[in-house]
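Here is the structure we will look at, set down as structure tokens.
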């Protein structure tokens, strides 16, 4: 009998620079064409396991490794990396960092070039791979201008061209919008059906299961807690740590008998004088390339707006108009009644505070305190007011004790809170958040969103307490279901829907046209709407079932 | 902020040349002028005409290069003027023994004092400046078209085929790959800081204060790139970078026109060497008629 | 991560050489956006501080490549042309501070920052001197002109930029490293 493509036996690893063991005593084997889903929160050891399987451990990362990994019967530590690379292809989380060439053709050629294959052979393989992934039309494009989904396909092509028998996919959905993610999962399934063994590492279990993995491995604290089929999941799999389908969460909650304290966002009000008005806003970078078409809406006090839409629909362009970074080519944007064309960005910033997607794009100061003081100083607050404002915002987002710490040295979650505090300190009236959940694993982002939006019977949410209105751009429809009282859908530069979540999100035809994928939570909420009367998280829904 | 390369595909003889032959030509001209130290306008002027001819063949649109030319002219006149002011001495020594009568004099005094001197403009000096400007312009004329006429995607392979190692050549390609990404990161950071009230166009204070005010732009982009780098290293190792001699999928090949072009470069180089070291021609030269005329 | 060796040349050096060069190019675009003071002939190029930083942080090869390729990219983007001697001078400017890589233990320590600045200034001096002196032969100017016209303004501008911005970058890098736990 031939050796299994991958056999892992009693594998443990400890990084040289860290005191604790990263993974402990892991054993499993994979057959040809099998798809294994590995799930767990960050720090569970899944990245370390991946590095062991693709050979970066023990080559690039040093430490103490025990046990063995055999690829087709050969111990991986004894193979040259060039050989491992032809058996295991690794797709990294961010295709942007995997792509090393300026155009698609050269990018796909990179691996075979490094192996020193003959030129004719490389060209033949590239054409084959382009056809297999149906991306022949991308062949001569520049990699920089590709969409996120296209980038990932090109990165994948760059691996398949080396003809690996195992594909290791490390959080491949993280940088994609749901529609592109679904497409990617279809491709992965197809590759498995053709005989490629696939290891899919993903905390979005809800999405990943649509690729129909054969088995699921769940990890916590460097150990395997579950390995088996996906039909019937044991309660060891924690729905706080990985994103499970809503119906599984409900079942688990009922089995464990948990209760949840959830207060839905305040109902939408329409009768106040608007803070921001979009009046027939059109925008284009030049004559040919129009981005926004006739946008009309208002932001009112009490709004918790989720702006939904696929990547490239114009969400960011729209929001940049609200904060004055862009000015309409026709129509006008009024901020507290004033035309943004007559205001500087700094003046608009007194009303709207914008938190960019990635904290690393804005953090620069040597201490948290100085970072938070940056905005108020720019707005020329008096010294005493700055100190007070900084102190209060540290308090609000709970960064106490870290005031003198460098923001660049904080964990991602703390950095994210620092960016919120930086906007809080400017005392703007409206908070605008761009993809608040991006770059975090499920456990961290739910914790973050709960801290921002979670309310109790006695206390309003942090955002509601500090801001007259909040707007978040997202392609995570569950954020709209759970935390918003108003949903805007942007598609191809137009505002195609504006209303309460329960009204807008029940129109599945509209969602499909706009490449917004309904989630299991949305479906379950709609099913139970007659009982509940409002949208809520799965944990709360569990209480409505008999 | 988008990176816009100056390069455009144009159907010109210059762009059909192999990039290697163009760099070799450039090297021939630079070495041809500097090794024998040619200062004779009778040699410099024909070279100047050849470079102008090549420049025109590249058919670069004037509006693209207007600013560059302005800058180059200002720089060259500044440097030549400074050179004349400071000493009047260049490489050749004949200017030192300049005995020609001044054409006219420019008094350079700090107003209201007797501090300064009278700058005497002589026919020798004029010729020297002319030769020097033409010499510098010949180089600039060859250097300027390169960004406009050489595809950024072939820099790596060009260096590889000129004997540079796989890794160094690929560094070039990788730099071109990252430039637009980092420029986009920079523009996002600019937006992010502007949303915090940061105003770029009104940096206040002295030089030190203004440079310090660039930290909110420089620090995030640079630090993020140090983090990105670690992942790029993994990605490249996982695709077997550096494990074996590389194949380069892009091919370069010399056509007959390349041999002709390189031959021209080599001919210039050899001609200059021969003139200087065989015939002793190449030192700074002023037409005797002009000298005679100036000295009355 | 690894025990550092000064002259190692592998994937790591290729990647940071390329990133350093691209940053140099990207920040040369910034100079068109932000009005910086120019005193006479002196121009301030903030990108130089990044080049010195890459040398100090990643070693001489990275400094050399980032400087050479970065300057080529910057001139190319601006449309100035290709001037091998200035590109090489920039390479030297990055390479010399790279020699100090192993001497820097703690990026936020005052003594280590002072060392980095010292090596950076040495690199600037030698690099610009190289380019200025080659201009003597190519342009046929005398030493005084090369020193007054090319060397001094570029040296002063780069010196000021490095003294002010290099410490800021090093302190930030210390924080980033602390987070990475390496």
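The values are calculated or read from the model by the stated rules, or taken from the named source; none is laboratory data. All values derive from a computational prediction rather than experimental measurement. Positions of Cβ are generated from backbone atoms using ideal geometry, with glycine treated the same way; all protein chains shown enter the neighbour counts.
Scan the strands (runs of 3 or more DSSP E) fully inside the range A:239-341 and keep the ones with 1 or more residues being over 27 Å from residue A:525 (Cβ atoms) and in contact (Cβ under 8 Å) with a residue 24 or more places away in the chain.
On the way: elements: A:276-284, A:290-299, A:304-308, A:330-335.
Once the strands (runs of 3 or more DSSP E) in the range A:239-341 are filtered for at least 1 residues that are over 27 Å from residue A:525 (Cβ atoms) and in contact (Cβ under 8 Å) with a residue 24 or more places away in the chain, what remains is A:276-284, A:290-299, A:330-335.
Conditions (1) within 12 Å of chain B (Cβ to nearest Cβ); (2) within 28 Å of residue A:317 (Cβ to Cβ); (3) crowded, with 23+ Cβ neighbours inside 10 Å, marked per residue:
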position	(1), (2), (3)
A:350	yes, yes, no
A:358	yes, yes, no
A:368	no, no, yes
A:382	no, no, no
A:387	no, no, no
A:392	no, no, no
A:417	no, yes, yes
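Filter the range A:102-117 down to the residues that are without any contact (Cβ under 8 Å) to a residue 40 or more places away in the chain and within 7 Å of chain B (Cβ to nearest Cβ), then identify the one that is surrounded by the fewest Cβ atoms within 10 Å (Cβ to Cβ).
The first filter runs over the range A:102-117 and keeps only residues without any contact (Cβ under 8 Å) to a residue 40 or more places away in the chain, leaving A:105-106, A:113-114, A:116-117.
If we keep only those that are within 7 Å of chain B (Cβ to nearest Cβ) too, we end up with A:106, A:113-114, A:116-117.
Details: A:106: 22, A:113: 24, A:114: 24, A:116: 15, A:117: 20.
By that ranking, first place goes to A:116.
What residue, among those in the range C:137-147 that are crowded, with 19+ Cβ neighbours inside 10 Å and either part of a helix (DSSP H, G or I) or touching a strand residue (DSSP E or B) at 6+ places or on another chain (Cβ under 8 Å) (or both), is farthest from the other protein chains (Cβ to nearest Cβ)?
Per the criteria, the residue is C:146.
Can you find even one residue in the range B:197-207 that is at the interface with chain A (Cβ under 8 Å from one of its Cβ atoms), farther than 30 Å from residue A:98 by Cα and touching a residue at least 12 places away in the same chain (Cβ under 8 Å)?
Within the range B:197-207, one or more residues are at the interface with chain A (Cβ under 8 Å from one of its Cβ atoms), farther than 30 Å from residue A:98 by Cα and touching a residue at least 12 places away in the same chain (Cβ under 8 Å).
Can you name the residue in the range A:79-101 that is in a loop (DSSP other than H, G, I, E, B) and touching a residue at least 40 places away in the same chain (Cβ under 8 Å) and, of all such residues, is farthest from the other protein chains (Cβ to nearest Cβ)?
Looking only at the range A:79-101, we keep the residues that are in a loop (DSSP other than H, G, I, E, B), and these are A:79-80, A:86-87, A:92-94, A:99-101.
Narrowing the set further to residues that are touching a residue at least 40 places away in the same chain (Cβ under 8 Å) leaves A:86-87, A:92-94, A:99, A:101.
On the way: A:86: 8, A:87: 11, A:92: 6, A:93: 8, A:94: 7, A:99: 7, A:101: 6 Å.
The qualifying residue farthest from the other protein chains (Cβ to nearest Cβ) is A:87.
Looking at the range A:246-290 only, could you name the residues that are buried (at least 20 other Cβ atoms within 10 Å of the Cβ), in contact with a helix residue (DSSP H, G or I) (Cβ under 9 Å, 6 or more places away or on another chain) and closer than 26 Å to residue A:499 by Cα?
Across the range A:246-290, the qualifying residues are A:246, A:265, A:276, A:278, A:281, A:283.
Which helices (runs of 4 or more DSSP H) does the range A:405-466 wholly contain that include 2 or more residues that are free of Cβ contacts under 8 Å to residues at least 12 places away in the same chain?
Values: elements: A:412-424, A:442-453, A:462-466.
Those helices (runs of 4 or more DSSP H) span A:442-453.
Hey, among B:216, B:245, which residue is touching a helix residue (DSSP H, G or I) at 6+ places or on another chain (Cβ under 6 Å), within 12 Å of chain A (Cβ to nearest Cβ) and within 30 Å of residue B:174 (Cβ to Cβ)?
Values: B:245 fails: touching a helix residue (DSSP H, G or I) at 6+ places or on another chain (Cβ under 6 Å).
One residue alone meets the criteria, B:216.
Filter the range A:80-93 down to the residues that are crowded, with 20+ Cβ neighbours inside 10 Å and under 21 Å from residue A:176 (Cβ atoms) and list them by number.
Residues satisfying the conditions are A:89, A:90, A:91, A:92.
If I filter the range C:53-94 down to residues being away from chain B (no Cβ under 13 Å) and surrounded by fewer than 24 Cβ atoms within 10 Å (Cβ to Cβ), which single residue comes out as farthest from residue C:131 (Cα to Cα)?
C:60
Hey, among the residues in the range B:99-134 that are within 19 Å of residue B:288 (Cβ to Cβ) and surrounded by fewer than 18 Cβ atoms within 10 Å (Cβ to Cβ), which one's modelled with the lowest pLDDT?
B:99
Where residues in the range B:177-186 are at the interface with chain A (Cβ under 10 Å from one of its Cβ atoms) and surrounded by 20 or more Cβ atoms within 10 Å (Cβ to Cβ), which of them is nearest to residue A:107 (Cα to Cα)? First the steps, then the outcome.
In the first step, residues of the range B:177-186 are kept if they are at the interface with chain A (Cβ under 10 Å from one of its Cβ atoms); the result is B:177-181, B:183-186.
Then drop every residue that is not surrounded by 20 or more Cβ atoms within 10 Å (Cβ to Cβ), which leaves B:177-181, B:183, B:185-186.
Details: B:177: 10, B:178: 13, B:179: 16, B:180: 16, B:181: 15, B:183: 20, B:185: 21, B:186: 24 Å.
Ranking the qualifying residues of the range B:177-186, first place goes to B:177.
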